[in-house]
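Colleague: Here you go, one structure.
The values are calculated or read from the model by the stated rules, or taken from the named source; none is laboratory data. All values derive from a computational prediction rather than experimental measurement. Backbone-built Cβ (ideal geometry, glycine too); neighbour counts: all protein chains shown. The accessibility values were calculated without ligands, DNA or RNA, using every heavy atom of the protein model including side chains. Shrake-Rupley method; radii C 1.70, N 1.55, O 1.52, S 1.80 Å.
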Amino acid sequence: MSQTAEFRTRTDRFLTGVERIGNKLPDPFLLFLGLFLLVGVISTVLELAGTSVTIPGTDEPTAVRGLFTGEGLAWLTVNLGANFIGFPPLVTVVTILLAVTVAERTGLLGAAIRVSLGSAPRWLLPYAVGLVGVTASVMADASFIVVPPLAAMVFKAAGRHPIAGLVGGFAAVGAGYSTSLVVTSLDALFAGITNAVTETLPNAGATVTPISNYYYNVAASIVLALVAGLIIDRVVEPRLVREDAPRDMVTSDDVEPAAVAGGQDADDVAPALRSGPDDLAPELDAAERRGLRMAGLAFLLLSAVILVAVLPGGSPWRNDEGGFLPESPLLDSTVFIVFVLFLGPALVYGYVSGSMRESADVPKVMALGVKDMAAFIVLAFMLGQFIALFNWTNIGSALAVSGANGLESIGLTGYPAILGFIVLASLLNLFIVSGSSMWTLMGAVFVPLFALLGYEPGFVQAAFRIGDSATQVITPMNPYIWIFLVMLKRYEPDAGLGTVIARMLPFVVPFWVAWVAVLSVFYFGGLDVGPGVGIRIP
């Protein structure tokens with residue numbers, strides 16, 4: 001057996017075990033329902049045992065409160081609705097999603113990606129795919145479906161191997177999913193979850209906003225794009241050439257159906273995948289070019305209006321000291337700014353390009369975005385209950401104090417503790433691919449823990465992004481890996497999960513190492529990861 005075949009065999013065995021374990025996990029809603037009940041039982045036992053902790057910075061001990069007590073049950077019946085509606089990500093994510101949906105459905109985001117890739121010279125294509133893929137998280141999960149086939153088409157048009165573009169596009173989107181050159185709805189989602197956890201901390205540091213990790217995200221995006229391009233150019237494509245991998249797509253009749261996650265089969269997914277490449281040619285037509293130019297002008301005009309409004313000394317968007325940091329109405333207006341900068345250009349593009357015919361189309365398109373997010377809204381009900389219970393019972397505080405004391409007792413309070421946190425997140429990401437679910441779970445424990453050790457919640461959130469993304473392109477728990485397999489089978493009908501993992505593995509470790517290196521520069525350089533958010537709490 002050749003080394004390549006042996007490697008694939010070992011990979012298949014390992015991933016089969018991961019898949020078997022992962023498939024035993026319940027639906028995220030049921031998972032957090034179980035955790036909610038578990039916290040309820042543990043909190044009740046701890047209250048009956050008279051457990052309390054003294055949080056640094058406070059004089060009085062904080063007692064653990066139990067859910068299954070008279071006080072706890074009354075709290076639940078009174079606050080069930082408030083726990084859900086008050087879940088912070090609902091305020092920010094749903095609002096931003098309305099505008100992003102219009103930008104996506106009118107074709108603005110797709111056109112921007114196509115012109116970014118199509119205008120790149122042949123030698124620069126891998127790096128352009130890397131940059132576009134990393135930044136494409138602005139389209140949320142749609143980026144997994146839009147970017148890879150477009151990258152394959154652009155590669156083929158330039159005389160390069162299309163599978164290299166396909167693989168590179170998917171790897172850049174997935175392994176770099178938590179970062180972007182622009183503010184995305186994911187930034188708002190993470191910020192909302194973080195702030196929900198920090199409400200009970202006596203010294204929570206700077207308020208986390210959707211731009212609290214922006215400096216770090218920009219640096220990470222550039223580095224990861226370069227790493228992705230280097231791997232595509234020097235590792236993935238040469239290997240495809242050596243293997244004489246096919247360069248032409250086979251007809252759909254030649255492709256065997258492939259099972260996809262969630263009980264779907266290829267017939268449910270393939271039509272959408274087939275329409276993607278057919279409807280999204282690598283070159284823009286005249287109407288799309290006009291629309292993109294006018295959308296760019298609209299973006300510049302709106303940006304200028306915002307700057308004119310906030311820069312004057314007497315601007316109402318400044319704080320009482322006349323500045324913007326650490327807090328100000330401008331930072332609190334981030335959701336509005338992102339909303340306007342997406343919606344305005346999207347409307348202009350839609351009407352100029354002809355993709356949007358009448359004003360009545362706008363609310364209809366927004367409704368589609370809310371419909372697509374229905375599953376998250378249902379999950380948010382349970383996430384909100386879990387976060388609220390975790391805070392109300394004071395279990396998070398007890399775990400944070402105990403964990404901080406434990407780390408201090410073994411001398412693990414500096415950067416090694418941060419690295420251990422990233423490794424744990426990377427391993428959990430193999431089983432929990434939902435960033436919001438994993439950050440809800442980990443943030444409830446580690447944000448207070450690291451805050452007691454003196455780390456800004458915004459910095460801890462930045463470190464979490466590494467573990468949330470780098471490993472998700474190699475886990476069978478990621479539903480988009482199965483959709484990618486359908487894409488790959490259009491070139492390689494005999495491809496299987498082992499093939500996908502073999503194509504993805506060259507990206508995982510370099511991405512993880514590069515991302516940690518960027519974080520290390522910020523940490524040891526004492527640099528702010530975003531406006532007003534440093535490494536340590538002042």
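Colleague: What's the number of the condition Val460 fails, among (1) over 24 Å from Gly86 (Cα atoms); (2) in contact with a helix residue (DSSP H, G or I) (Cβ under 7 Å, 6 or more places away or on another chain)?
Modeller: (1)
Colleague: Same structure again: List the pairs whose first member sits in the stretch 234-247 and is farther than 17 Å from Leu124 by Cβ, whose second member is aromatic (Phe, Trp, Tyr) and surrounded by 13 or more Cβ atoms within 10 Å (Cβ to Cβ), and whose Cβ atoms are under 8 Å apart, counting only residues at least 6 apart or on separate chains?
Modeller: Ala245/Tyr491; Pro246/Tyr491; Arg247/Tyr491
Colleague: Scan the stretch 304-343 for residues that are under 26 Å from Val102 (Cα atoms) and of a type outside the set (A, V, I, L, M, F, W, C) and report the count.
Modeller: 3
Colleague: Please go through the stretch 133-180 and give me each residue that is under 24 Å from Phe339 (Cα atoms) and out of contact with any Gly (no Cβ under 8 Å at 6 or more places or on another chain), ordered by number.
Modeller: Thr135, Ala136, Val138, Met139, Ala140, Asp141, Ala142, Thr179, Ser180
Colleague: Tell me, please, whether a residue that is surrounded by fewer than 22 Cβ atoms within 10 Å (Cβ to Cβ) and part of a helix (DSSP H, G or I) can be found in the stretch 469-479.
Modeller: yes
Colleague: Is it the case that Ala298 is open to solvent by less than 40 Å² (accessible area, probe 1.4 Å), closer than 30 Å to Gly532 by Cβ and at pLDDT 90 or above?
Modeller: Taking the combined requirement at face value, the residue satisfies it.
Colleague: Can you name the number of the only condition in (1) open to solvent by 10 Å² or more (accessible area, probe 1.4 Å); (2) touching a strand residue (DSSP E or B) at 6+ places or on another chain (Cβ under 8 Å); (3) among the aromatic types (Phe, Trp, Tyr) that Phe431 fails?
Modeller: Here Phe431 clears every test but (2).
Colleague: Within the stretch 237-247, track down each residue that is part of a helix (DSSP H, G or I), of a type in the set (A, V, I, L, M, F, W, C) and open to solvent by less than 30 Å² (accessible area, probe 1.4 Å).
Modeller: Answer for the stretch 237-247, where residues must be part of a helix (DSSP H, G or I), of a type in the set (A, V, I, L, M, F, W, C) and open to solvent by less than 30 Å² (accessible area, probe 1.4 Å): just Leu240.
Colleague: Filter the stretch 199-236 down to the residues that are at pLDDT below 90, assigned to a helix (DSSP H, G or I) and buried (at least 22 other Cβ atoms within 10 Å of the Cβ) and list them by number.
Modeller: Listed by number, the list holds a single entry, Val236.
Colleague: Can I ask one more? For Gly458, which of the numbered conditions (1) within 30 Å of Ala245 (Cβ to Cβ); (2) in contact (Cβ under 8 Å) with a residue 60 or more places away in the chain fails to hold?
Modeller: Single failed check for Gly458: (1).
Colleague: Go over the candidates Val154, Val223 one by one and state the one that is farther than 20 Å from Tyr523 by Cα and among the hydrophobic types (A, V, I, L, M, F, W, C).
Modeller: On the way: Val223 fails: farther than 20 Å from Tyr523 by Cα.
Only one candidate qualifies: Val154.
Colleague: Among the numbered conditions (1) buried (at least 24 other Cβ atoms within 10 Å of the Cβ); (2) polar (S, T, N, Q); (3) modelled with pLDDT of 85 or more; (4) within 22 Å of Asp141 (Cα to Cα), tell me where Ser426 comes up short.
Modeller: Condition (1) is where Ser426 drops out.
Colleague: Right, another one. List the pairs whose first member sits in the stretch 180-191 and is of a type in the set (D, E, K, R), whose second member is assigned to a loop (DSSP other than H, G, I, E, B) and buried (at least 24 other Cβ atoms within 10 Å of the Cβ), and whose Cβ atoms are under 6 Å apart, counting only residues at least 6 apart or on separate chains?
Modeller: Partner pairs satisfying both residue conditions: Asp187/Pro210.
Colleague: Look at Gly107 and say whether it is at pLDDT 85 or above, touching a Ser or Thr at 6+ places or on another chain (Cβ under 9 Å) and open to solvent by less than 50 Å² (accessible area, probe 1.4 Å). Talk me through it step by step, then tell me what you get.
Modeller: Values: at pLDDT 85 or above: yes; touching a Ser or Thr at 6+ places or on another chain (Cβ under 9 Å): yes; open to solvent by less than 50 Å² (accessible area, probe 1.4 Å): yes.
So Gly107 fits the description; yes.
Colleague: Then there's this: In the stretch 307-350, which residue that is among the hydroxyl-bearing types (Ser, Thr, Tyr) and in contact (Cβ under 8 Å) with a residue 60 or more places away in the chain is farthest from Gly192 (Cα to Cα)? Break it down stepwise before answering.
Modeller: Taking the stretch 307-350 and keeping what is among the hydroxyl-bearing types (Ser, Thr, Tyr), we get 315, 328, 333-334, 349.
Cutting the leftovers down to in contact (Cβ under 8 Å) with a residue 60 or more places away in the chain gives us 334, 349.
Working: Thr334: 13, Tyr349: 30 Å.
It comes out as Tyr349.
Colleague: Out of the stretch 32-52, which residues are open to solvent by less than 70 Å² (accessible area, probe 1.4 Å) and of a type outside the set (Phe, Trp, Tyr)?
Modeller: Result: Leu33, Gly34, Leu35, Val39, Gly40, Ser43, Thr44, Leu46, Glu47, Gly50, Thr51, Ser52.
Colleague: Could you figure out which of (1) open to solvent by less than 10 Å² (accessible area, probe 1.4 Å); (2) modelled with pLDDT of 85 or more isn't true of Gly176?
Modeller: Condition (2) is where Gly176 drops out.
Colleague: Would you confirm whether any residue within the stretch 485-494 is charged (D, E, K, R) and assigned to a helix (DSSP H, G or I)?
Modeller: We begin by selecting, within the stretch 485-494, every residue charged (D, E, K, R); these are 489-490, 492, 494.
Retained after the next criterion (residues that are assigned to a helix (DSSP H, G or I)): 489.
Yes - at least one qualifying residue is present in the stretch 485-494.
Colleague: Going through the stretch 490-508 one residue at a time, which ones are under 16 Å from Gly130 (Cα atoms) and surrounded by fewer than 21 Cβ atoms within 10 Å (Cβ to Cβ)? Even if it seems obvious, please write down each step before you answer.
Modeller: So the first thing to find is which residues in the stretch 490-508 are under 16 Å from Gly130 (Cα atoms), and the list is 503-508.
Correct list: Leu505, Pro506, Val508.
Colleague: Here's a follow-up. If you take the residues of the stretch 179-198 that are outside any helix (DSSP H, G or I) and hydrophobic (A, V, I, L, M, F, W, C), which of them is surrounded by the fewest Cβ atoms within 10 Å (Cβ to Cβ)?
Modeller: Taking the candidates together, the pick is Val182.
Colleague: Within the stretch 326-344, identify whether any single residue is of a type in the set (Val, Ile, Thr) and closer than 15 Å to Arg289 by Cα, and answer yes or no.
Modeller: no
Colleague: Also: Would you tally the residues in the stretch 60-87 being assigned to a loop (DSSP other than H, G, I, E, B) and either closer than 25 Å to Pro202 by Cβ or hydroxyl-bearing (Ser, Thr, Tyr) (or both)?
Modeller: 9
Colleague: A follow-up question, please. Check the stretch 397-417 and report whether any residue there is under 19 Å from Val208 (Cβ atoms) and crowded, with 23+ Cβ neighbours inside 10 Å.
Modeller: yes
Colleague: Looking at (1) farther than 26 Å from Ser333 by Cβ; (2) not in a helix (DSSP H, G or I), find the lone condition where Ala164 falls short.
Modeller: The single condition Ala164 does not satisfy is (2).
Colleague: Please find, within the stretch 495-523, the residue that is nearest to Ser212 (Cα to Cα) out of those that are without any contact (Cβ under 8 Å) to a residue 12 or more places away in the chain and not in a loop (DSSP other than H, G, I, E, B).
Modeller: Val513
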